[in-house]
Amino acid sequence: MTLIAFLPVLWKLGHGVDLPVIKDIPGSLVWAALLVSVGGMIISWFVGIKLPGLEYNNQKVEAAFRKELVYGEDNKIEHASLPILKELFAGIRFNYQRLFLHYGYFDIWLNTYDQCMVIVPYLIMAPGLFTGVITLGVLVQVSNTLSVKCIGVLRCLYTIGQRLPNCGVSGSACMSLNTTWILMLLNFNR
């Protein structure tokens, strides 16, 4: 809904674009917002591509540890011995270290993208401001609209991604896309 609501606003504000490459394209701000949003989503997908697999491995190693503990409650002689628990816990610890490392650089990417999205509208509209085509108020309006617009595109893509598992696409690809979009939305809505 956000995507549809802000299309006319961005289309109208696009008259103030004075960059030589895109000033003659009708609705240049709409196309720039779509390009930046989809580009950010694709890069985020590549940066976070390992996260779904690590989350899956995390579920497996935690389940194996819990299973051993449950079996140990019933039969302490054959299950839940200290060496087995140490080995299973080492797997959990190793997986969490990898998971936190990958979440760390994914979060660095998302924060970098978020900061770049603050600058992009000013880079696009600054020549128009300096030549007197637009005022500072219009520039700030474009900045606010463009940042809401880009988040709206990501929400739209997230909604599409939620429906992917029901369309017959391979499960791992859908899990990867869904997890990446969820992570992106959680970090964009802070």
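Values in this text are rule-based calculations from the coordinates and carry no lab data. In this text the structure is predicted, and so the values were computed from the model without any measurement. No Cβ is skipped: glycine too gets one built from the backbone with ideal geometry, and neighbour counts run over all protein chains shown.
Observations on the model:
- Derived scalar couplings ³J(HN,Hα) [segment 18-28; Karplus, 6.51 cos²θ - 1.76 cosθ + 1.60; whole Hz; x for Gly, Pro]: 10, 6, x, 6, 10, 5, 8, 7, x, x, 4
- Counted by Cβ distance under 12 Å from residue 86, the other residues give a net charge of -1, where Lys and Arg count +1 and Asp and Glu count -1.
- Segment 1-42 shape via C-alpha gyration tensor axes, a/c threshold 1.5: oblate
- When Rg and Dmax are taken over the Cα atoms of segment 73-128, they come to 23.7, 78 Å.
- Between residue 115 and residue 103, residue separation times 0.36 nm minus the direct Cα-Cα distance comes to 2.5 nm.
- Residue 24/residue 63 FRET efficiency (R0 45 Å; Cβ-Cβ; nearest 0.05): 0.15
- Sequence-distant lysines (8 or more away, or on other chains) whose Cα lies within less than 19 Å of residue 50: 60
- With θ taken as phi - 60° and the Karplus curve 6.51 cos²θ - 1.76 cosθ + 1.60 applied, the whole-hertz 3J(HN,Hα) list for segment 56-61 is 5, 4, 4, 4, 5, 5 Hz, x standing for glycine and proline.
- Scattering curve values for segment 47-107, log₁₀ I(q)/I(0), Debye with Cα scatterers, q = 0.15, 0.22, 0.29 Å⁻¹: -0.50, -0.80, -1.11
- Counting all C-alpha pairs of segment 1-88, share separated by more than 15 Å (%): 74 percent
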